[in-house]
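The structure under discussion appears below in the form of structure tokens.
We did not get these values from a lab; they are worked out from the coordinates using the rules stated. Here the structure is a predicted model, which is why all the values come from computation and not from measurement. Neighbour counts run over all protein chains shown; Cβ positions are idealised from the backbone, glycine included.
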């Protein structure tokens with residue numbers, strides 16, 4: 001009997017060409033997940049994911065869903081999949097969901113963190129370098145945080161979008177956008193401070209979080225102020241925003257769902273998984 | 001004019017055969033440091049390190065020293081070296097030291113952390129897996145900590161030594177040995193708890209920290225008690241101790257020096273760097 005499974009997955013994106021299958025001899029996270037599902041449950045149908053993370057981007061709580069004839073009970077699926085996955089990709093949780101569920105269209109929000117370090121004169125840290133961007137100059141985190149909060153709300157984020165993945169409508173609702181810092185604790189007592197840009201939204205444009213982070217770094221360096229950042233929401237001028245900062249600092253933290261499909265998803269049940277099937 | 005430089009280095013050991021040069025086509029941390037020094041300051045003489053970390057072991061504060069004719073001012077050496085080092089090895093600090101200084105023989109203590117996760121039923125975490133060992137079962141951290149503290153003091157650590165690097169005398173002074181846990185915070189809000197075994201001592205036998213950690217995990221699982229661990233200090237029976245746990249959880253946190261050579265080092269100034277020269 002066919003079931004639809006929702007799986008929460010985490011991965012270190014360093015070795016992959018991104019989440020989405022690319023072909024051309026490149027390995028995507030989707031490729032290794034697909035193969036592991038095939039080996040564990042048989043070939044999946046209507047495979048879809050909440051977010052198409054780019055090459056080098058990590059995930060702590062990506063969500064995928066697919067239909068399967070496989071009979072492994074949902075609670076045993078993570079361990080069974082992990083036996084067929086490489087060490088840098090892991091299934092954390094699995095549950096059976098209604099066929100109406102789509103991991104992307106029914107997501108209420110996704111939260112990304114852009115992690116960075118090195119703004120206090122500390123030099124390159126190999127134990128952080130894989131998951132955090134090295135800021136090589138002094139930055140003002142408080143100024144960045146003030147500017148970040150100006151992006152909260154429903155706005156046209158055209159200025160925070162790179163070419164390459166055209167959308168009809170660049171309006172997105174940002175629920176949370178803030179800058180903070182904490183002590184890095186792996187290994188314990190490392191003493192390094194890490195900073196982060198946290199963005200929760202109902203959807204993201206191409207490179208949106210990395211351009212927001214790059215723009216906030218300009219604020220941190222005193223090259224832009226919060227008003228200039230807010231003005232980008234009306235001008236829509238990509239060239240007025242900061243650079244797209246490197247992928248390895250970015251991590252998809254989690255995807256939130258309500259029990260009902262999110263009202264702002266604007267997609268009917270009939271349009272679910274099929275349209276993003278890869279098989 | 002020849003100077004002796006002391007450099008604090010950090011590295012992700014995942015890609016290396018260990019700190020020490022092995023030859024046979026293998027790349028050691030020493031190899032890449034040596035090449036970077038050669039390119040920056042000319043060939044180093046009397047190169048030595050505080051600890052010979054094994055393949056896969058990381059360092060947050062390894063200390064090396066060497067003699068050089070190079071004229072780059074000490075404070076500029078880290079950035080100059082980093083320009084010639086791969087991303088997984090970094091020079092954090094440099095200073096000129098007297099020719100009597102030896103990074104290993106004059107160390108008062110070295111501190112290692114063995115980091116682990118997954119004892120609360122959480123599954124494999126790709127974002128932790130590179131630097132922390134996955135414990136796949138419930139363990140009692142408080143019991144481990146009580147047993148760990150029994151190892152503090154000057155003892156014969158023969159039971160906590162693997163064959164392969166013979167020593168005349170297996171007595172070492174452990175200044176600190178404890179077990180704790182904390183919230184993993186990279187990326188922020190990961191929610192994973194990481195545990196650690198922290199060991200500070202005046203010297204370490206082959207695999208000593210990894211066998212101590214392996215033995216403490218046996219305690220955590222209820223297979224040994226603190227008295228049995230303490231008894232290993234008198235029996236010296238390696239087979240009574242736990243297994244040698246994997247290298248990737250281990251990290252050399254720091255090396256402490258006093259202004260004077262440490263009294264317990266038992267080495268005269270004449271025996272310094274030369275005996276461990278690699279060139």
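The other copies place their residue A:154 label points at 7.5 nm from this one, listed shortest first, where each point is 7 Å from Cα along Cα→Cβ. Ordered by the number of other Cβ atoms lying within 10 Å of each residue's own Cβ, fewest first, A:110, B:256 fall into the sequence B:256, A:110. Neighbour counts of other Cβ atoms within 10 Å put A:95, A:218 in the fewest-to-most order A:95, A:218. Counting beta carbons within 10 Å around each of A:5, B:128 and listing the fewest first gives the order A:5, B:128.
Between copies, residue A:99 shows label-point distances of 8.4 nm, shortest first, with the point placed 7 angstrom from Cα along Cα to C-beta.
To the nearest 10 degrees, how steeply does helix A:226-235 sit against the main Cα axis of chain A, on a 0 to 90 scale? The two axes meet at around 60 degrees. For chain B, the longest principal axis of the alpha carbon atoms and the long axis of helix B:29-41 meet at an angle near 20°.
Taking a ≥ b ≥ c as the square roots of the eigenvalues of the Cα gyration tensor, an a/c ratio of 1.5 or more together with a/b larger than b/c marks the range A:32-82 as prolate. Label-point spacing at residue A:176 relative to the other copies reads 3.4 nm, in ascending order, each point sitting 7 Å out from Cα along Cα→Cβ.
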